[in-house]
1. For Leu11, list long-range residues whose amide hydrogen, built 1.01 Å from N in the peptide plane, is under 5 Å from its own amide hydrogen.
2. Report the local net charge at Leu47: Lys and Arg +1, Asp and Glu -1, summed over other residues whose C-beta lies under 11 Å from its C-beta.
3. Two-decimal Rg/Rh of segment 1-55 from alpha-carbon positions, Kirkwood Rh?
4. Counting only heavy atoms of protein chains, what accessible area per residue, in Å², does the chain have with a probe of 1.4 Å?
5. Would you tally the net charge around Gly15, using a Cβ to Cβ cut-off of less than 12 Å, leaving Gly15 out, and scoring K and R as +1, D and E as -1?
6. If you take the square roots of the eigenvalues of the alpha-carbon gyration tensor of segment 26-68 and sort them as a ≥ b ≥ c, do you get rounded (a/c under 1.5), prolate (a/b over b/c) or oblate?
7. Mean separation of Cα pairs under 8 Å and 6+ residues apart, divided by the residue count of the chain: what relative contact order is that in percent?
8. Counting Lys and Arg as +1 and Asp and Glu as -1, each charge on the Cβ, what is the dipole of the chain about the Cα centre in debye, to the nearest 20?
Amino acid sequence: QVQLVESGGGLVQPGGSLNVSCAASRSFFSIYAMAWYRQAPGKQRELVARITNGGSTNYGDSVKGRFTISKDNAKNTVYLQMNSLKPEDTAVYYCHALLDGISYWGKGTLVTVSS
């Protein structure tokens, strides 16, 4: 099992930047992939960004070129750097881990992009 705790959400103006973090309760060595998903009100949860234990990344089309996922293996933490934020990026951002074929989710952190 793994517990995931997100932090760093908040209110930011359009065009601004924000970095959210996800701390895992165990080493990334045994976790196949970490990812960020988001869910806006009235919408389905969607993939934002994903990073494998080998460092390969992929992004949702709507965030390519603006968001960057990274991880610090020593801290068991994955980050999502969000730049050029838009109001449509407003959502609850969830951390996800895939371990032994099982999905684990954090409780989420709210990101609001508004002037």
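1. Amide H neighbours of Leu11, under 5 Å, 5+ apart: Thr112.
2. +1
3. Values: Rg = 13.4 Å, Rh = 13.2 Å.
Here the Rg-to-Rh quotient is 1.01.
4. That works out to 53 Å² for each residue.
5. That works out to +1.
6. oblate
7. The value is 38 percent.
8. Computed charge dipole of the chain: roughly 20 debye.
The values are calculated or read from the model by the stated rules, or taken from the named source; none is laboratory data. All figures in this text were calculated on a predicted structure; none of them were measured in a lab. Methodologically, a virtual Cβ is constructed for each residue, glycine included, from the backbone with ideal geometry; neighbour enumeration extends over all protein chains shown. Ligands, DNA and RNA are stripped out before the accessible areas are found, and what is left, the full protein with its side chains, is counted by its heavy atoms. Shrake-Rupley method; radii C 1.70, N 1.55, O 1.52, S 1.80 Å.
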